[in-house]
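I have placed the structure first, in the form of structure tokens, so that the comments after it can refer back to it.
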Amino acid sequence: PLDGGMLFPQESSFREVKELNGLWDFRADGSPNRNEGFEKAWYKRRLTETGPVIEMPVPASYNDITQDPTLRDFIGWVWYEREVFVPARWISDEGTRVVLRVGSAHYYSIVWVNGEKVTEHEGGHLPFEAEISSLIRKEPTKPCRITIAVNNTLTLETLPPGTIQYMNDSSRYPDGFFVQNIDFDFFNYAGIHRSVLLYTTPKVHVDDISVETNFMDNTGLVRYKVSVQGGFNNTLNITLMDKDGHFVASSTGSSGGLKVVDVKLWWPYLMHENPGYLYSMKVRQHAHRHVGVFLQCDVYTLPVGIRTINVTNTQFLINNKPFYFHGVNKHEDSDIRGRGFDWPLIVKDFNLMKWLGVNSFRTSHYPYAEEILQMCDRHGIVVIDECPGVGIKDIRSFRNASLSHHLVVMDELVRRDKNHPSVVMWSVANEPASEMPPAEFYFKTLIEHTKALDQTRPVTYVTIAAADMDKGGPYVDVVCANSYFAWYFDQGRLDIIPLQLSTHFENWYRKYQRPIIQSEYGADAVPGLHMDPPMMFTEEYQNALLQSYHDVFDQKRNQYFVGELIWNFADFMTSQGIYRVVGNKKGIFTRQRQPKAAAFLLRKRYWRLANETG
Ligand code: GCB
């Protein structure tokens, strides 16, 4: 089990947040063994004293920021540094706990404060933090120097996995020449991708909160658990308020239940006139020295959506009503910033999704920023929350060491996202080599582990295998099947889609009697390329392929078919190769978020589906 909670940093009367976003000093360690930074202990002094630096924005991937191709394709350690003034009152008040938090950095990170190591973390896409209170109190008048070294090297034991291959033929490659091999289809963007923050809590503080919700007729139930760290002798008061701030229910103690009369349920977008209804649960803790004398208070307010998820043989139920996913797969990807967090992009994407009539998306192929999930909670956009288990194709990445890390990543993901009403299912992987014999044990273990962490949500992984080949099939609650008929196979032959797609679905359903989601399908379209009759890579072909898939979906919709997620919402960057013309072009929007013809086709369909299924 993990040490402590990972609540999203929040301001309250007892908590402060200071963002450290902006320009940091930066250097990539291009030394031959990529290790000079450690040999010369760059963290001990200012980065400017150990060599040249450039300015690097945080958050952002560093790859597309400069004109330097070596930095774009760099593999190894890069170093970030910045100095920050910590408010004097944070330092002087011994009852204040100061925490340094990184929203995400890809892939392996080590963090120092004033030359002392405070934490390290493996894995991109998930937050990590370290308490630095005592460290900053050592030199209270000096600015605090934060150094973060980040390494994007992938191995068979990282998630996603990758391998480094040295080219030893000296007649063709210079000394030390290597390439990174990956089995996933997106650019391995790296750097500090989400906000770096300092935040405070009282020493005795609310460390974690878990809620589970249910309802019966008109009465909702919120069961909660709160853990407090840093002291004992505390009183916990829990108050639930409705959207307008009116009192609904209250309780005391570290676990319990709140009854909600005339409950307003959390509903998906387009399924109800008031989607994304959120209560707020205020957790107030008082630590006493002795009865009646307060030592410290803390307040944390958690948004709570009351809803249930259930899966039958043929249906996906939200609040006991059949839910049909009409949505997209996304990436955190855009020009210049790569995978860096960017509010204008996020809000634009939500506006585009609403315009399209999207009620759901999958966080392909890694956990997205928490701010995105919070928006999903508020707007009623349903999420399939996927971990970075993508590209598990090599039989060696099914070994125990890889599995152990995968289990820890699920621990971190569930810990971070467990309270979001928008998250309705966990996806533990995308398109692994699930036909290989070790896949059975691997996915059985991984899925059972995830179910033990969270008993309220179904668990799946996304498969490209056929039903009779897939070894993990017996363990998933919902079959999430990808297919690229008339694209990667039978190229240009749109006429085979009806037969091949129905056979594929029938095989899955016959074997497992589980609801099925088409978790990916699509075709590349270079915007502006036209051809009629349609040919591959034109906007017409993308449209025709989608249309043929839709015809089959409509036949299966009243049986066991519960959703369709297009690949992809927008074009995105990949590594270079003959299958990719400056990235993957299966977006229905361009990378700059302008519509291709398919966006209009899908918009018509999704709004119709919303009326028929909502
Ligand atoms: C897939 C992968 C996705 C790729 C897509 C494609 O099956 O899950 O990551 O981008 O196909 O376009 O090939």
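The values are calculated or read from the model by the stated rules, or taken from the named source; none is laboratory data. As the structure is a computational prediction, the values presented were derived from the model and not from experiment. No Cβ is skipped: glycine too gets one built from the backbone with ideal geometry, and neighbour counts run over all protein chains shown. With ligands, DNA and RNA removed, areas are computed over all heavy atoms of the protein, side chains included. Shrake-Rupley method; radii C 1.70, N 1.55, O 1.52, S 1.80 Å.
Quick look at the numbers
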read-out	value
Condition check for residue 506: acidic (Asp, Glu), away from the ligand (no atom under 15 Å from the Cβ) and under 23 Å from residue 352 (Cα atoms)	no
Of all residues making up the range 442-474, the number that are outside any loop (DSSP other than H, G, I, E, B), more than 16 Å from the ligand (Cβ to nearest atom) and in contact with a helix residue (DSSP H, G or I) (Cβ under 8 Å, 6 or more places away or on another chain)	13
Options 107, 173: the member that is open to solvent by 10 Å² or more (accessible area, probe 1.4 Å), modelled with pLDDT of 95 or more and under 30 Å from residue 393 (Cβ atoms)	173
Filtered residues of the range 199-252 (kept if among the aliphatic types (A, V, I, L, M) and over 17 Å from residue 289 (Cα atoms))	206, 209, 211, 216, 221, 222, 226, 238, 240, 241, 248, 249
Selected residue (criterion: surrounded by the most Cβ atoms within 10 Å (Cβ to Cβ)) from residues of the range 265-315 that are in contact with a Lys or Arg (Cβ under 6 Å, 6 or more places away or on another chain) and part of a loop (DSSP other than H, G, I, E, B)	266
Of all residues making up the range 565-600, the number that are more than 15 Å from the ligand (Cβ to nearest atom), assigned to a helix (DSSP H, G or I) and open to solvent by less than 40 Å² (accessible area, probe 1.4 Å)	2
So residue 451, is it within 30 Å of residue 264 (Cβ to Cβ) and either open to solvent by 30 Å² or more (accessible area, probe 1.4 Å) or free of Cβ contacts under 8 Å to residues at least 60 places away in the same chain (or both)	yes
Filter result for residue 487 (within 15 Å of the ligand (Cβ to nearest atom) and either assigned to a helix (DSSP H, G or I) or modelled with pLDDT of 95 or more (or both))	yes
Any pair with Cβ under 7 angstrom, 6 or more apart, that starts in the range 206-223 at a residue that is under 22 Å from residue 3 (Cα atoms) and ends at one that is surrounded by fewer than 18 Cβ atoms within 10 Å (Cβ to Cβ) and modelled with pLDDT under 95	207/4; 207/229; 208/4
Residue match in the range 243-263 (condition: surrounded by fewer than 22 Cβ atoms within 10 Å (Cβ to Cβ), outside the structural domain of residue 374 (by TED's automatic domain parsing), touching a Lys or Arg at 6+ places or on another chain (Cβ under 7 Å) and under 30 Å from residue 462 (Cβ atoms))	no
Matching entry among 524, 477 (being within 16 Å of the ligand (Cβ to nearest atom) and either more than 22 Å from residue 365 (Cβ to Cβ) or in contact with a strand residue (DSSP E or B) (Cβ under 6 Å, 6 or more places away or on another chain) (or both))	524
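Matching residues to (1) farther than 30 Å from residue 591 by Cβ; (2) within 16 Å of the ligand (Cβ to nearest atom); (3) not small (Gly, Ala, Ser):
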| residue | (1), (2), (3) |
| --- | --- |
| 173 | yes, no, yes |
| 187 | no, yes, yes |
| 194 | no, no, yes |
| 198 | yes, no, yes |
| 217 | yes, no, yes |
| 220 | yes, no, no |
| 235 | yes, no, yes |
| 241 | yes, no, yes |
| 248 | yes, no, yes |
